Amino acid sequence: MYIKESKQTYDAIVIGSGITGGWAVKEFCEKGFKTLLIERGRVVEHRKDYVGEGKPPWEQTLRSKVPRAEVEQQYHIQKNCYAFNDSTKHFFGNDKDLPFGTAKGTDFWWIRANQLGGKSLLWHRFSYRWSDFDFNANKLDGYGNDWPIRYQDLVRWYSYVERHVGICGQKESLPQLPDSEFLPPFDMTAPELYIKQQLEAAFPDRKLIHGRQAHLTKPSTHHLAQGRGQCQARNECQKGCSFGAYFSTQSSTLPDAAKTGNLHIAPNSVVHSLIYDAISNRVKGVRVIDNDDLSQREYFGKVVFLCASTLGSTQILLNSRNKAFPNGLANRSGVLGHYLMDHNYNAWARAEIPGFEDSFYSGRRPGGLYIPNFYFKPDPKRPFLRGYGMSAGAYREDWKALQHKDGIGVAFKQRLQKPGKWQFWLGAQGEMLPRFENSVQLHAFKKDKWGIPQLEINCRFSENERLMMLDAAEQGQAMLEKIGLENVSSGLHDKPPGSGIHELGTARMGKDPKDSVLNGFNQSHDIPNLFVTDGASFCSSAVQNPSLTFMALTVRAVDYAAKEIAARRI
Ligand SMILES: Cc1cc2nc3c(=O)[nH]c(=O)nc-3n(C[C@H](O)[C@H](O)[C@H](O)COP(=O)(O)OP(=O)(O)OC[C@H]3O[C@@H](n4cnc5c(N)ncnc54)[C@H](O)[C@@H]3O)c2cc1C
Ligand code: SF4
């Protein structure tokens, strides 16, 4: 299955093996396409290569911390990710080898996972459908271009991927957050159930619901046939999960693709650029640099899917400029690299929950609760556009806090046995407006070690996002006070774009080739056999975590491409 050189012309080439690339190869292979998956990083084998799995902190030299010198030399950006530690660091990109610039006065945390499986190994698995309020948002307030699709275009594809992935959650029939095909949710604790009741009574426009996550709480026969098993609620996911109980490329899409016998994988192959044939106006192949020895090679295919993550895909397109496309391949519109977005997680609120001292939880639920966006309907009186969702959850204070405090001996151990008061927290996840000036371009002369021009990122949150986060902190405080929680506090962080790890935009879809790179099927307006199905294709960010929508768009695009190929239009 793994190859290095190949003279074959593949039916399909997929670049990148993360969440979107995994789905693209599964779908192509199952349709009988001879498919090449090109991945810049090393092979990570399911189970065998989860080297941090099952290792408790006390068996690690620094109790799961990464030595400071190593962090500063190799992970000065990746260290900002909450999931970065000694048991997961091998799944993060090495910043030393992955230089990029930021415009003066701006910052961007570009979190990367450059190996087979990409960020599918590291993600937190929150999976929410988008609604028509999201697909209509740009049209209604004029920020960004109108999405060329609506919820109805995706609904069948959401269901298709959800049945395969396995999403736990509960039906709520909310207009702003359509229900998925659910497996049972994780339980709420007693104080969470109490807060749900109080909050929904005090704020009839708001709901506190189960987080929806790609976890097999009750695997179906379809999931068991994938070799996956039930989630054990141990919250060790980002070390890799040998049960395959959360969805990743390794646990789910890649095995299915491999089973068909149609898959070849070229690992350690850093895509430098796409090979364009001006006579046929087609991409005919891919130029790669070997990750290890820096030699060059080429692969050829009839259709190319870019799934290298939002900024990875756009970097490849920008670096594939040629005479016909001097500003980047498939960039006749001039918007390639523009309208970069993320989510804004900069507001929080917290409080003590009185009572419930004799209520405990066992196990470690790998996710929390969610307050869906209650500002989903536009309101001209609100001082900002769009809205935010909120993550939430309750925990026992000392069980959590003592993890991060120094201590030794009998007294400390006794303290550890006391769980402390119940606490409740809220964290906002705000929409970011698509703005032309938030953009990426190639540096004129700085290159990485593979000879690829570095990305220069110019991205900042706007006044709209600042006002939105102020509101989220105020609303958080007001909600927790009104339902009678104690010692309520709230505040703001100052994390830059990128910190949400939901990069979106830069090769957006649209109806009009003059203001968009892709059509409503993620196909380049300019070059028919070129598709981009990751977050680069997004026209707006909504408030929901985006990866479920990436998956739905990817399978829909493969279905479309296959039909276009059969009709000889590609
Ligand atoms: C800690 C964490 C928590 C997250 N939680 C959530 C969540 O709860 N819900 C959610 O929806 N999203 C979440 N995300 C984001 C989610 O992981 C990404 O949106 C998703 O993985 C993106 O999928 P992708 O296929 O576009 O890119 P990736 O999964 O990043 O995969 C891209 C692949 O392309 C490869 N590649 C890049 N450039 C090249 C090149 N030049 N040549 C060859 N290969 C290349 C990379 O090595 C990588 O394997 C989280 C991310 C992190 C890190
Ligand atoms: S919580 Fe579930 S998905 Fe996460 S590591 Fe444990 S068994 Fe795997």
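The values are calculated or read from the model by the stated rules, or taken from the named source; none is laboratory data. Small disclaimer: the values here were computed from a predicted structure and weren't measured. Cβ coordinates were reconstructed from backbone atoms using ideal geometry, including for glycine residues, and neighbour counts include every protein chain displayed. For accessibility, only protein heavy atoms count, side chains too; no ligands or nucleic acids. Shrake-Rupley method; radii C 1.70, N 1.55, O 1.52, S 1.80 Å.
Observations, loosely collected:
- Residue ID - farthest from residue 564 (Cα to Cα), chosen from residues in the range 47-61 that are in a loop (DSSP other than H, G, I, E, B) and open to solvent by 80 Å² or more (accessible area, probe 1.4 Å): 61
- Test: residue 257 is touching a Cys at 6+ places or on another chain (Cβ under 7 Å), within 15 Å of ligand 1 (Cβ to nearest atom), hydrophobic (A, V, I, L, M, F, W, C) and more than 25 Å from residue 85 (Cβ to Cβ): yes
- Selection within the range 309-336 - within 16 Å of ligand 1 (Cβ to nearest atom), in a loop (DSSP other than H, G, I, E, B) and more than 16 Å from residue 522 (Cα to Cα): 319, 320, 321, 328
- Test: residue in the range 266-287 that is among the aromatic types (Phe, Trp, Tyr), within 14 Å of ligand 1 (Cβ to nearest atom), more than 23 Å from residue 64 (Cβ to Cβ) and touching a residue at least 40 places away in the same chain (Cβ under 8 Å): no
- Number of the condition not met by residue 395 [criteria: (1) open to solvent by 30 Å² or more (accessible area, probe 1.4 Å); (2) modelled with pLDDT of 90 or more; (3) over 30 Å from residue 198 (Cβ atoms)]: (3)
- Selected residue (criterion: farthest from ligand 2 (Cβ to nearest atom)) from residues of the range 245-259 that are of a type outside the set (A, V, I, L, M, F, W, C) and in contact with a Leu (Cβ under 8 Å, 6 or more places away or on another chain): 249
- Filter result for the condition that a residue is of a type outside the set (Asp, Glu), surrounded by 21 or more Cβ atoms within 10 Å (Cβ to Cβ), in contact (Cβ under 8 Å) with a residue 40 or more places away in the chain and away from ligand 2 (no atom under 16 Å from the Cβ), over 103, 113: 113
- When the range 161-194 is filtered for residues that are closer than 19 Å to residue 368 by Cα, open to solvent by less than 10 Å² (accessible area, probe 1.4 Å) and either among the acidic types (Asp, Glu) or in a loop (DSSP other than H, G, I, E, B) (or both), the ones remaining, listed by number, are 166, 169, 180, 192.
- Of all residues in the range 247-267, those that are more than 23 Å from residue 555 (Cβ to Cβ) and surrounded by 20 or more Cβ atoms within 10 Å (Cβ to Cβ) total 0.
- Test: residue in the range 505-524 that is touching a residue at least 60 places away in the same chain (Cβ under 8 Å), of a type in the set (Lys, Arg) and surrounded by 23 or more Cβ atoms within 10 Å (Cβ to Cβ): yes
- Tabulated pairs, the range 118-143, first open to solvent by 20 Å² or more (accessible area, probe 1.4 Å), second part of a helix (DSSP H, G or I) and near ligand 1 (Cβ under 6 Å from one of its atoms), C-beta under 8 angstrom, 6+ apart or interchain: 119/19; 123/19; 123/547
- Here residue 36 fulfils each of the conditions (1) in a loop (DSSP other than H, G, I, E, B); (2) hydrophobic (A, V, I, L, M, F, W, C); (3) within 16 Å of ligand 1 (Cβ to nearest atom) apart from (1).
- Criterion applied to 74, 115 was being out of contact with any strand residue (DSSP E or B) (no Cβ under 7 Å at 6 or more places or on another chain) and polar (S, T, N, Q), and the one residue passing it is 74.
- In the condition set (1) touching a strand residue (DSSP E or B) at 6+ places or on another chain (Cβ under 8 Å); (2) open to solvent by less than 20 Å² (accessible area, probe 1.4 Å); (3) more than 9 Å from ligand 2 (Cβ to nearest atom), residue 216 is compliant with all but (3).
- Candidates 60, 74, 115, 78: the one that is modelled with pLDDT of 95 or more and either touching a Cys at 6+ places or on another chain (Cβ under 7 Å) or more than 25 Å from residue 546 (Cβ to Cβ) (or both) is 74.
- Count - residues of the range 9-46 that are within 16 Å of ligand 2 (Cβ to nearest atom) and surrounded by fewer than 24 Cβ atoms within 10 Å (Cβ to Cβ): 1
- Taking the conditions (1) of a type outside the set (Phe, Trp, Tyr); (2) under 25 Å from the mean Cα position of the chain (by Cα); (3) more than 16 Å from ligand 2 (Cβ to nearest atom) in turn, residue 195 satisfies each one other than (2).
- Some residue of the range 547-557 being of a type outside the set (S, T, N, Q), in contact with a helix residue (DSSP H, G or I) (Cβ under 8 Å, 6 or more places away or on another chain) and part of a loop (DSSP other than H, G, I, E, B): no
- The criterion of being open to solvent by 20 Å² or more (accessible area, probe 1.4 Å), within 16 Å of ligand 2 (Cβ to nearest atom), under 27 Å from residue 2 (Cβ atoms) and basic (Lys, Arg) holds for residue 239.
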